[in-house]
Amino acid sequence: MRVHLTTLGCPKNQVDSELMLGMLAEAGYPLVERAEDAECLVVNTCAFIDRAREESVDTILELAQLKQRGRARALIVTGCLTQRYGADVLKELPEVDGILGTSDLGRIVDLVRQAAGRHDWATAAPPGYLYEARTPRLLTARVPYAYVKIAEGCDMGCAFCAIPQFRGRHRSRALRDIVEEVETLAARGIQEAILVSQDTLAYGRDVPGNGDVADLLLALSDTRMPWIRPMYLHPAHANDRLIARWARARVVPYLDMPVQHGDDAILKSMRRAVTARRMKDVVAAFREAIPGLTVRTTVLVGFPGETDAAFRALLAFLDDVRFDRLGVFTFSPEDGTPAPALPDQVPAETAAERAAVVQGTQDKIAWERGQALVGTVQDVLVDGPSEDPAFAWEGRLAGQAPEIDGVVYLRTREMQPGRFARVRITEVEGYELVGERA
Ligand code: SF4
């Protein structure tokens, strides 16, 4: 049974897909690159906001076409959509033969083995799965970086977020197990380990004696992994002791810290457990402790109760902190979260206008930051052939996370993918940079 797996959603879902592919390969199932060549189709879905759910359903229906055309014999849906909606997925989408939640990845082999002969096959267990360094994993992308999931779930309960409903309570992997995985990845030639979870700064708090996130980073500093990049840091967990220990660890000078808003009344209503003043102090303390730090954030506009004054407070906050990188989202009312029931819902058009204003402000900052790099020589990790045919290769600075922060287009042909190079930055193209070997 030839199997093809489609991955949607975030890097944490990508890790789940690579684990499922690793288990299927170990069980002897041939894996094919093209869905058209497969007998069994698996789609690993995302469900955190409405647009993501639409994309998941559209992808399922698209793949179901291949079943009707007879090449594929089975369609299996996994991931957050099935964890969140369970057997309703089978009811709503009769094209689907089997579903698997996020918490039972190991059952994928059984599901594929039986899928062709059965229909309406569902396994849905409460979120509890955590993989280990020895769990078979197939790295899917031909790039020199890999995501490492250090924990799963979240206890924060932000008023707009449904993720805890289908990813469960916060639970950390053992520190030694993560170190073993990162060492193994380094031995396989990976140059960058990107540490992901829903709530990275809460790492280790649930496991007595395990050590916290700073202990993890200090332990990973002794591995052969050149770049270590932690992501998804909730500012409410940061404190001076953590920042001082973080600064001693050998991690890239990069901070991914979603702030979500800059108005205290909105932050309170979002249940973010932190004030704007405190977040400014946290970012300032990290910048003080780590020279050349790049700070990325995410903001959410259009949250219920966001008046013009609250929005102006957000703009003033962003103007004060001046993040190097920023992603802006508009509020999406999610079932099972408190926010849809809040008074003073903001019209979607107003939210979209506000998102455009935030994006416009950030474009200017990004341009200035890029211009300041022109003429400098930087370390660049060469990721691979450039998507832009005008350039031979593309890579990233330590201040650029994959897939979200832009790249450095490289003119020089004589470069090695998966290696670091000294690069002179020569131009800025929007959010991208252009460079050549120094
Ligand atoms: S910290 Fe992140 S994952 Fe957790 S509830 Fe808040 S937004 Fe959701």
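Give me the dipole magnitude in Debye, nearest 20, for segment 220-332 about the Cα centre, with unit charges on the beta carbon: positive for Lys and Arg, negative for Asp and Glu.
Approximately 460 debye in magnitude.
Express as a percent, rounded to the nearest 5, the fraction of DSSP beta bridges in the chain (both residues included) that run antiparallel.
Here the share of antiparallel DSSP bridges comes out near 35 percent.
How long is the gain from Glu36 to Arg142 if the chain were fully straight, where each residue apart is worth 0.36 nm and the alpha carbon distance is subtracted?
Computed gain between Glu36 and Arg142 is 36.0 nm.
Which whole-Hz ³J(HN,Hα) couplings does segment 409-422 yield from phi under the Karplus relation 6.51 cos²θ - 1.76 cosθ + 1.60, θ = phi - 60°, glycine and proline marked x?
7, 10, 6, 5, 6, 7, 9, 10, x, x, 10, 8, 9, 7
Please report the relative contact order for the chain, taking Cα pairs under 8 Å with a sequence separation of at least 6, and give it as a percent rounded to a whole number. The partial results should precede the final answer.
Numbers: 914 pairs, mean separation 43.3, N = 438.
With pairs under 8 Å counted, the relative contact order is 10 percent.
Quantify, in whole percent, the carbon and sulfur part of the accessible surface of segment 145-372 (1.4 Å probe; protein heavy atoms only).
Carbon and sulfur together cover 54 percent of it.
What GluC sites (Glu not before Pro) in segment 126-225 are in a loop by DSSP, with at most 14 other Cβ atoms within 10 Å of the Cβ?
For GluC sites (Glu not before Pro) across segment 126-225 that sit outside H, G, I, E and B with at most 14 neighbouring Cβ atoms in 10 Å, the list reads Glu132.
Translational D (Stokes-Einstein, µm²/s) of segment 145-372 at 10 °C and 1.306 mPa s when Rh comes from the Kirkwood sum over C-alpha pairs?
Working: Rh = 18.6 Å.
In µm²/s, the coefficient rounds to 86.
Could you check the spin-label model distance between Ala27 and Glu180? Points 7 Å from the Cα along Cα→Cβ, value in nm.
Distance between the two pseudo-spin positions: 2.3 nm.
If I take R0 = 60 Å and measure r between the Cβ atoms of Glu54 and Val377 in this structure, what FRET efficiency does the formula 1/(1 + (r/R0)^6) give, to the nearest 0.05?
0.85
With every protein chain present, what is the per residue accessible area of segment 3-113 (1.4 Å probe, Å²)?
38 Å²
If you check each cysteine of the chain for another cysteine whose beta-carbon is under 4.7 Å away, which ones come up empty?
For the chain, the answer is Cys10, Cys40, Cys46, Cys80, Cys154, because their Cβ atoms have no other cysteine Cβ under 4.7 Å.
The chain: percent of C-alpha pairs farther apart than 29 Å?
Tail of the P(r) past 29 Å holds 51 percent of the pairs.
For the chain, set up a GNM with springs between Cα atoms under 10 Å and report which of Pro389, Pro235, Pro253 has the largest fluctuation.
The residue that fluctuates most here is Pro389.
Only sites in a loop by DSSP and with at most 15 other Cβ atoms within 10 Å count here; which trypsin sites (Lys or Arg not before Pro) in segment 382-437 make the cut?
Arg413, Arg419
Write down the accessible area per residue of segment 261-416 in Å², having rolled a 1.4 Å probe over the full set of protein chains.
46 Å²
Given charges of +1 on the Cβ of Lys and Arg and -1 on the Cβ of Asp and Glu, with all other atoms neutral, how large is the dipole of the chain about its Cα centre, in debye to the nearest 20?
With Lys and Arg at +1 and Asp and Glu at -1, about 1020 debye.
Can you find, among Met257, Leu195, Ala162, the residue farthest towards the positive end of the dipole of segment 145-372? Put +1 on the C-beta of Lys and Arg, -1 on that of Asp and Glu.
Leu195
Once the other residues with Cβ under 12 Å from the Cβ of Ser56 are scored (Lys, Arg +1; Asp, Glu -1), what is the net sum? Before the final figure, lay out each step's value.
Numbers: positive: Arg51, Arg53, Arg84; negative: Asp50, Glu54, Glu55, Asp58, Glu62, Glu92.
Result for the neighbourhood of Ser56: -3.
Modelling each spin label as a point 7 Å along the Cα-to-Cβ direction, I'd like the Lys364/Arg437 distance in nm, to one decimal.
For the pair Lys364/Arg437, the computed spacing is 4.0 nm.
The values are calculated or read from the model by the stated rules, or taken from the named source; none is laboratory data. Model, not experiment: these values are computed from the prediction. Cβ atoms come from the backbone with ideal geometry, glycine included; neighbour counts cover every protein chain shown. Side chains are part of the model used for accessible areas, which takes the heavy atoms of the whole protein and leaves out ligands, DNA and RNA. Shrake-Rupley method; radii C 1.70, N 1.55, O 1.52, S 1.80 Å.
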